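Structure first, then comments.
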Amino acid sequence: MNSRHISRRSFIRVLAGLFAFVPAARSLTAFPFNSADELPIMSKEELEEILKARIAEGKVLALEGDSIWIRDRWYGDTLRLVITDESIVWKGKYNKGKDFDSYPHVIEPGDDVIALGQRNGVDFSVEKMYANILNTYITVDDISLEKDEAIISYTDASEKVGTVKVRPDYLIDKALYQEVVSKSQQLRGTKVQVIGLPLQDGTIVAANVLIAGGG
């Protein structure tokens with residue numbers, strides 16, 4: 001690259017390209033980085049260290065108060081995810097704070113989680129966390145619009161058909177819902193990237209929908 005700096009969007013794409021073997025890279029587009037838009041170009045090793053410091057990923061072992069214990073995929077040991085009043089937790093929809101009693105069973109043992117935050121030894125302070133997230137590319141067959149909901153009928157790369165549920169209160173950015181609605185005709189037959197929660201019936205609840213040429 002000619003420039004010594006890359007945009008935030010390019011930085012995320014570079015991470016996904018360099019670390020395709022890292023499970024966390026599959027879901028990087030779900031996380032808005034809080035750093036400046038312009039970031040210095042780094043080596044593969046330096047980028048990996050940033051990932052390790054800022055992203056935690058693993059299977060939930062147990063819940064204890066405001067803590068979630070996982071088996072850390074980066075280092076192979078046990079890591080404590082600390083949920084604060086400012087933490088955002090997404091499992092089909094967003095929940096804020098550490099009072100799990102207000103939304104029982106949001107996170108359960110066996111869930112696969114990926115979190116953005118800050119690592120400090122065996123503790124990881126969570127800013128945002130997603131459970132059982134799926135990152136996939138689909139071809140839009142049709143979009144039906146209902147009140148506060150858009151249902152995308154799709155075919156994936158393996159010719160499997162299914163549906164994606166898009167709701168403004170479930171999305172990372174509520175403006176994405178209006179984009180899907182306004183482009184419902186143009187999106188038919190196109191490929192989009194969907195990040196979300198797969199349900200048992202095969203439906204995907206979208207956290208993010210990335211449209212080519214979108215904002």
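A few remarks follow.
- For a straight C-alpha distance cut-off of 25 angstrom, the lysines reachable from Lys174 (same-chain residues fewer than eight places away being disregarded) are Lys91, Lys93, Lys96, Lys98, Lys128, Lys147, Lys165, Lys183, Lys191.
- Size estimate for segment 103-215 follows the Kirkwood approach: the inverse of mean 1/r over distinct Cα pairs works out to 15.2 Å.
- Full extension of the chain between Glu64 and Asp141 gives 23.3 nm of extra length, using 0.36 nm per residue less the Cα-Cα distance.
- Taking Ser125, Ser182 and counting other C-beta atoms within 10 Å, the order from fewest to most: Ser182, Ser125
- Local electrostatic count at Arg188 - Lys and Arg +1, Asp and Glu -1, tallied over other residues with Cβ under 9 Å: -2
All of the numbers you see were taken from the coordinates with simple rules; none came from a lab. Treat the numbers as computed from the prediction; the structure is a model and nothing was measured. Every residue, glycine as well, gets a Cβ built from its backbone with ideal geometry; the counts of neighbours run over all protein chains shown.
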